[in-house]
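J.: Sharing a structure here in structure tokens format.
Computed from the coordinates by the stated procedures, all read-outs in this text should not be read as laboratory data. Everything numeric in this text was worked out from a predicted model, so none of it was measured. Neighbour counts run over all protein chains shown; Cβ positions are idealised from the backbone, glycine included.
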Amino acid sequence: MTKLHWLIIIGAGVIAYHNSFQGPFIFDDISAIETNTHIRHLWPVGEAVSAPPQSTAAGRPAVALSLALNYAVSGLNVWSYHAFNLAVHIAAALVLYGIVRRTLESARWHDRFGTDAAWLALAVAVLWVVHPLLTSSVTYVIQRSESLMGLFYLLTLYCAIRGWNGAAVVTCALGMATKETMVTAPVMVLLYDRVFRAGSFSELFRRCWKLYVGLASTWLLLVALMIRGVRTESVGFGLADIHAWDYARTQCTVILHYLRLAVWPHPLVLDYYWPVAKTMSEVASAAFLLGALLGATIWAMRYKPWLGFLGAWVFVILAPTSSVVPIITEIGAEHRMYLPLVSIIAGVVVAAYRLPHRVTGLMICGVVAVLTILTIHRNRDYHSEESIWTDTVSKRPENPRAHNNLGRILAIEGKFEEAIAEFNTALRLEKDFPSARFNLGTVLVNIGKSQADKGKPQEAMKWYLAAVQVDPDLTEAHVGLGRIYGELGRSEESSDEFSEALRVDPNSARVHHDMGVILLRQGKLNEAMFHFERAIALDPNLAAAREARDDLRARLAATADGNKRETTDDQDTTR
């Protein structure tokens with residue numbers, strides 16, 4: 001029976017995500033995968049487990065290593081990345097099945113659910129594996145940080161239930177190396193044991209203190225990873241104009257939105273760009289309702305512990321990302337519901353168990369079918385960058401970041417007028433948006449090249465300068481200025497801009513190549529060679545750098561041969 005259930009779970013996952021494999025890299029995938037030179041090698045391991053400091057994989061060595069393994073298999077071909085994500089998701093569903101089944105078959109619950117425990121566990125696992133709310137954690141490649149952490153989280157709980165204490169500590173440590181939300185795992189293991197396995201905390205500590213100490217010790221690993229200061233531009237206190245209480249206040253509406261999507265998963269949005277609530281009156285009703293749910297959870301922990309545990313599972317797991325620590329780039333994000341959705345589905349399945357079994361079975365089959373269709377449909381939005389950003393703009397028209405990203409894709413496709421309209425919309429919504437300023441300048445450069453319009457680069461330069469005025473660390477704008485100055489013959493200004501770009505991003509192979517080209521024009525051959533060599537070391541596949549390096553080598557060799565011949569001729573003349 002168990003093997004049949006496993007096959008059903010695997011089959012459901014494959015069917016729901018069979019059309020997810022063609023989705024390209026999008027949004028944060030670009031910095032974490034496409035331009036991340038760390039994943040190009042599996043050795044040395046220290047390089048493979050690191051990532052650019054502001055990317056999604058930074059400070060998450062398990063995620064970084066998984067990306068390096070994918071690159072070793074398929075380079076930048078997306079199929080292996082999607083296959084890995086789906087394998088992780090299905091594995092997590094299988095572990096979830098084991099947790100629910102063992103819980104319902106335990107001595108405390110056997111009389112009530114024992115005979116149907118396996119079928120109820122199957123229902124929970126299948127509903128969870130096909131739910132469209134999880135597409136952002138599975139189809140969006142870099143959000144494997146959430147699903148992989150979820151797998152380790154569930155494995156930690158499962159190993160603790162089985163009494164495999166050493167394995168529980170190892171998987172907990174791996175989770176800490178995957179995503180910071182894992183910090184709550186030791187707490188939830190303790191709470192699970194108290195609710196489902198023991199009569200008191202004192203009894204628990206007498207029996208399992210070594211397990212809890214081992215799990216708690218993994219927090220040290222998380223502290224060590226966080227102390228390096230990764231993602232400081234997007235996570236932490238005192239960033240931009242958002243403060244801790246602003247963020248916490250806003251989360252009242254965000255969390256209720258998550259709960260609604262768990263029941264009615266529409267509309268699903270890649271990037272919410274959630275507006276910050278500046279006053280309590282803006283979220284009063286949401287705060288009251290959320291407070292009532294939290295109060296009910298606390299009450300249930302005392303009088304109906306199993307129900308309280310389901311509520312605590314949601315609140316505790318969401319706490320690191322949905323409380324007072326601002327995450328300014330993602331105030332609201334669907335992937336945060338990857339694990340919290342488990343308890344909501346489990347609660348619904350247990351409640352449905354009170355109905356006649358035939359009715360319950362038909363209802364669950366019908367819901368699974370609907371959710372699967374919705375997931376397949378949602379995966380289609382990820383089939384191209386244009387489709388996912390068009391979808392995002394249609395659902396969040398006040399999102400300047402979505403307009404900017406859609407404009408960037410339209411510009412790549414040569415749809416310049418449409419792209420300019422999107423960039424102008426982004427700047428109307430947020431006038432000091434440096435990326436939109438830069439992208440608008442880049443479109444003007446491309447129009448100038450296509451129409452031989454010499455005035456366009458000059459106009460583009462104004463937008464690049466406006467971009468770096470707002471964000472002096474915007475590498476792309478410095479590169480754009482450097483290239484325009486180079487085309488205008490202003491080589492000193494060009495090299496200054498590339499120097500600024502390298503100050504911000506010293507590991508950019510493309511910038512090293514461009515710097516080498518400018519130095520070559522200035523006759524600084526040895527310095528140019530250094531930058532070409534550095535570019536190749538960072539990206540061995542950068543053909544332009546390799547070609548420039550080889551040409552320069554030939555030029556230097558020819559110069560050396562000429563000097564040698566002149567020296568020989570001079571000696572002969574002297575004789």
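J.: Excluding same-chain residues fewer than 8 positions from K278, which aspartates and glutamates have a Cα within less than 18 Å of its Cα?
T.: In chain and number order, the partners are D241, D246, E330, E398, E430.
J.: Cut-off under 29 Å on the C-alpha distance; same-chain residues fewer than 8 positions from K456 excluded. Which lysines are left, in chain and number order?
T.: Those lysines meeting the cut-off are K415, K431.
J.: On to the next question. By how many nm would the segment from L556 to S387 grow when fully extended, if each residue of separation counts as 0.36 nm and the alpha-carbon distance is taken off?
T.: So the chain would gain 55.9 nm between L556 and S387.
J.: Run the reach check for K179 against aspartates and glutamates, Cα to Cα strictly under 14 Å, same-chain hits fewer than 8 apart removed. What comes back?
T.: E146
J.: Relative to the first principal axis of the alpha-carbon coordinates of the chain, what is the inclination of helix 305-318, with its axis defined by its Cα atoms, in degrees from 0 to 90 and to the nearest 10?
T.: Approximately 10 degrees, to the nearest 10.
J.: Can you find, among Q458, T475, L374, the residue sitting farthest towards the positive end of the charge dipole of segment 350-485, where Lys and Arg contribute +1 and Asp and Glu -1 at Cβ?
T.: Ranked along the dipole, the leading option is L374.
J.: Take every Cα pair under 8 Å in the chain that's 6+ residues apart, average their separations, divide by the length, and report that relative contact order as a whole percent.
T.: 12
J.: Got a sec? How would W389, W43, W463 order by Cβ neighbour count within 10 Å, fewest to most?
T.: With the sparsest Cβ surroundings first, the list reads W43, W463, W389.
J.: Over segment 472-574, what is the relative contact order in whole percent, taking alpha-carbon pairs under 8 Å and six or more residues apart?
T.: Worked out over segment 472-574, it gives 18 percent.
J.: Still on this structure, please answer the following. Sort I227, I9 so that the residue with the fewest other Cβ atoms within 10 Å of its own Cβ comes first and the one with the most comes last.
T.: Values: I227 9, I9 23.
Ranked by crowding around the Cβ, least crowded first: I227, I9.
J.: Something else: I'd like the orientation of helix 416-429 relative to the chain: the angle between its Cα long axis and the longest Cα principal axis, in ° from 0 to 90, rounded to 10.
T.: For helix 416-429, the angle is close to 60 degrees.
J.: To the nearest 10 degrees, how steeply does helix 165-176 sit against the main Cα axis of the chain, on a 0 to 90 scale?
T.: 40
J.: Compute the Cα gyration tensor for segment 113-210, then decide on rounded, prolate or oblate, letting a ≥ b ≥ c be the square roots of its eigenvalues: rounded whenever a/c is under 1.5, prolate when a/b is larger than b/c in the other cases, and oblate in all that remain.
T.: Here segment 113-210 falls in the oblate category.
J.: Take F315, F532, F201 and order them by how many other Cβ atoms sit within 10 Å, fewest up front.
T.: The order, fewest Cβ neighbours first, is F201, F315, F532.
J.: Using a Förster distance of 41 Å, how high is the FRET efficiency between E547 and K304, based on the Cβ-Cβ distance and rounded to 0.05?
T.: Rounded to the nearest 0.05, the efficiency is 0.05.
J.: Something else about it: Give me the base-10 log of I(q)/I(0) for segment 2-381 at each q in 0.11, 0.12 Å⁻¹, Debye formula, one uniform scatterer per Cα, rounded to two decimals.
T.: For the requested q values the scattering log ratios are -0.79, -0.96.
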